[in-house]
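Please treat every number below as a calculation from the coordinates, not as lab data. Note that the structure is predicted; figures quoted are calculated from it, not measured. Here the Cβ positions follow ideal geometry from the backbone for every residue, glycine too, while neighbour counts run over all protein chains shown.
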Amino acid sequence: MKHAALSINANLSLPAAETDVSQEFAGALVLGVLEGKVQLVPHNPLWQTYFDLESHRLYAALGAYVKEIRHIGSTAIPGIYAKPILDVMVGLVNIADVRHCEALLVALGYTYEGEQAISGWHFFKKKAGNLTTHHLHVVEWNGSYWLDHVLFQEYLFRHPEVAEAYESLKLALEKKHADNREAYTRDKTDFINKVTEMAYRVQQYHPSPNGWKREKTPQ
């Protein structure tokens, strides 16, 4: 993507706790968006560092319940504009264990938003003041939700022209739906579904070493 490079301040101290997420970097907030608003900013190289820190906390807190933790969403894609909210996907060995994880995640500052429209997708948020900083998606590892997000992300990694088209769509929708997050998300869905289907077709002919297999989409 042809965007101005961000310069890293070598003296910047990285966050020691999740309450530090609202510090400024390169003239813009590292993480945080007002509820319901759409705000896209240039890619920030600190997002990966913040994910690494958060994933270590999550592994430590959730222990044996967790199979894998992934950085998903546009903050995980280098070079494209994104909402400065960290999307983290936690894959549980057994999704029923979410009942054991809820109190542990609340202790880390998350609020449980309940099971979402897709069965088995449990959603948590973290805030700093009135800004949403983290979205946490707790799902079954290697289930349909997990695979959809992993394959979509990896397809964008391997096809930068598709990532650029996704960025262009997002920027257009930001102008159209700056105050309507639901509409912004809805109008991205068709693009995401088409790319995900392409990713599954590629996966079918070029299986990964992990042997991913798509499960039946929940009804």
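Exposure proxy check: Val33, Val88 ranked by fewest other beta carbons within 10 Å?
Val33, Val88
Counting Lys and Arg as +1 and Asp and Glu as -1, what is the net charge of the other residues whose Cβ lies under 12 Å from the Cβ of Val98?
-3
First select every other residue whose beta carbon is under 12 angstrom from the beta carbon of Leu34; then total the charges, Lys and Arg +1, Asp and Glu -1.
Combined, the nearby Lys, Arg, Asp and Glu give +2.
Once all Cα-Cα distances of the stretch 27-205 are split into 5 Å bins that start at 0, what whole-number percent is in each one?
1, 8, 16, 21, 22, 17, 11, 4, 0, 0
Explain nothing, just the number: relative contact order of the stretch 27-205, from Cα pairs under 8 Å at least 6 residues apart, as a whole percent.
Taking the mean separation of contacting Cα pairs over the length of the stretch 27-205, I get 24 percent.
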